[in-house]
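K.L.:
Structure below; questions to follow.
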Amino acid sequence: MLDQVAATATLALSRADAWLPHVAALIMLFVVAKILLSRWHTSLPNEWLLYLYNGSLIQAGVGESCFCQPGGVIVKFPSTMQEVNFTASQATRQRAGVAVSGKAYWSIYRPNPEDPDGPLRAFRSLAGLAGGDFTAGNEKVQTMAISTIRGALSNMTVVEVMTQRETLTKRVKQDITPVFRGWGIWLETVEILDVRVESKSLFDDMQYLKTDALDFDTKADAHLAAEKAPIAVKTALEGEKVSSSLAMAKKRADAASAPGIHEEEQSQGIHKAELSLRRPEPYTLNPKP
């Protein structure tokens, strides 16, 4: 009985020895496959993927896939566009305070063959970006937009600020785009939504001024011109009333004198007719037989 058990055990061991290399190979293959899969990274369609190696950007894109070799680093963050509200208050060239409100839209700098490191600069410049936190980027964009707009307002008049929004928007884009590029930020657009004169009295005075009078030097000049405007209007209205009254009086006088003139003409006609009837025939010395 013992011999039979020993023989069976020996047979099982011999069979196990035959399968053991195969099992070990399968285990090794599974481990290798798991390691390889752990080094394969894919980003979502609305997510940036940055593959860094030795501090250099190897690959960057939205919805990308790559194999990260040992020693490499993978960074992911959202690619969504960000919206920032801003309000800039500043005295114009006429020393009149105005407030400009608007929105700025930005995203991560798009890489191109001439400048492929834009996303890497954004990752290095904007704290919290790897965790999907755009607070730092929004604060930078807001600060730069306000600073640039205030600088532009100080060299403009109130009328220019209110009527040349496109010029102001263009100025902002030109000034801050190079700075944003260094931070890895792509400025999509800047929109000026509202321009408001902060002084209510100045705004009320401007309602009385003509276009050519809006280029005033100071608020005092605007107020003086606004005070003169109603006086000029009142004077003009009074002059028109006087002219109208004189014209009406003349028409009435002409209408009143018309019957008298007609009667005088009629009486003169009758008188001429009577004289012609009473005129004697001419006297001749040698009348014909």
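The values are calculated or read from the model by the stated rules, or taken from the named source; none is laboratory data. Being a predicted model, the structure only gives us computed values, none of them experimental. We place every Cβ from the backbone using ideal geometry, glycine too, and count neighbours over all the protein chains shown. The area values use the complete protein model at the heavy-atom level, side chains included, leaving out ligands, DNA and RNA. Shrake-Rupley method; radii C 1.70, N 1.55, O 1.52, S 1.80 Å.
K.L.:
Provide a single number: the residues in segment 141-150 that are farther than 14 Å from Glu83 by Cβ and open to solvent by 60 Å² or more (accessible area, probe 1.4 Å). Please lay out each step first, then the result.
P.N.:
Here is the first cut: in segment 141-150, the ones farther than 14 Å from Glu83 by Cβ are 143-144, 146-150.
If we keep only those that are open to solvent by 60 Å² or more (accessible area, probe 1.4 Å) too, we end up with 143, 147, 150.
Summing the residues that are farther than 14 Å from Glu83 by Cβ and open to solvent by 60 Å² or more (accessible area, probe 1.4 Å) in segment 141-150 gives 3.
K.L.:
While we're looking at this one, here's another question. Would you please name the residue that is modelled with the lowest pLDDT, looking only at residues in segment 166-215 that are open to solvent by less than 60 Å² (accessible area, probe 1.4 Å) and touching a His at 6+ places or on another chain (Cβ under 9 Å)?
P.N.:
This residue is Asp205.
K.L.:
Shifting gears a bit: From the list Thr92, Thr10, Thr80, Thr42, which residue is at pLDDT below 95, within 30 Å of Leu153 (Cα to Cα) and among the polar types (S, T, N, Q)?
P.N.:
Just one listed residue meets the conditions, Thr92.
K.L.:
Still on this model: Please specify each residue of segment 78-120 satisfying the condition of being open to solvent by 20 Å² or more (accessible area, probe 1.4 Å) and in a loop (DSSP other than H, G, I, E, B).
P.N.:
Within segment 78-120, Ser79, Thr80, Met81, Arg93, Arg95, Tyr109, Arg110, Pro111, Pro113, Glu114, Pro116, Asp117 meet the criteria.
K.L.:
Can you find even one residue in segment 62-79 that is on the phi > 0 side of the Ramachandran plot and touching a Pro at 6+ places or on another chain (Cβ under 9 Å)?
P.N.:
Applying the first criterion (on the phi > 0 side of the Ramachandran plot) to segment 62-79 yields 63, 71.
So of that shortlist, the ones also touching a Pro at 6+ places or on another chain (Cβ under 9 Å) come out as 63.
For segment 62-79, residues on the phi > 0 side of the Ramachandran plot and touching a Pro at 6+ places or on another chain (Cβ under 9 Å): present.
K.L.:
For segment 121-140, what are the residues that are touching a residue at least 24 places away in the same chain (Cβ under 8 Å), out of contact with any helix residue (DSSP H, G or I) (no Cβ under 8 Å at 6 or more places or on another chain) and either among the acidic types (Asp, Glu) or open to solvent by less than 60 Å² (accessible area, probe 1.4 Å) (or both)?
P.N.:
Gly132, Phe134, Asn138
K.L.:
For segment 129-146, which positions are in a helix (DSSP H, G or I) and farther than 18 Å from Glu188 by Cα?
P.N.:
Leu129, Ala130, Gly131
K.L.:
For Arg39, are the conditions met, namely being open to solvent by 50 Å² or more (accessible area, probe 1.4 Å) and under 30 Å from Thr167 (Cβ atoms)?
P.N.:
Details: open to solvent by 50 Å² or more (accessible area, probe 1.4 Å): yes; under 30 Å from Thr167 (Cβ atoms): no.
So Arg39 does not fit the description; no.
K.L.:
Something else now. Do we have Val75 as part of a strand (DSSP E or B), modelled with pLDDT under 95 and within 30 Å of Asn155 (Cα to Cα) here?
P.N.:
The answer is no for Val75.
Let's see how each residue does on (1) out of contact with any Lys or Arg (no Cβ under 6 Å at 6 or more places or on another chain); (2) closer than 30 Å to Trp40 by Cβ; (3) not hydrophobic (A, V, I, L, M, F, W, C):
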site: Thr92; (1), (2), (3): yes, no, yes
site: Arg95; (1), (2), (3): yes, no, yes
site: Ser101; (1), (2), (3): yes, no, yes
site: Ile108; (1), (2), (3): yes, yes, no
site: Asn112; (1), (2), (3): yes, yes, yes
site: Arg124; (1), (2), (3): yes, yes, yes
site: Gly131; (1), (2), (3): yes, yes, yes
site: Ile146; (1), (2), (3): yes, no, no
site: Glu166; (1), (2), (3): yes, no, yes
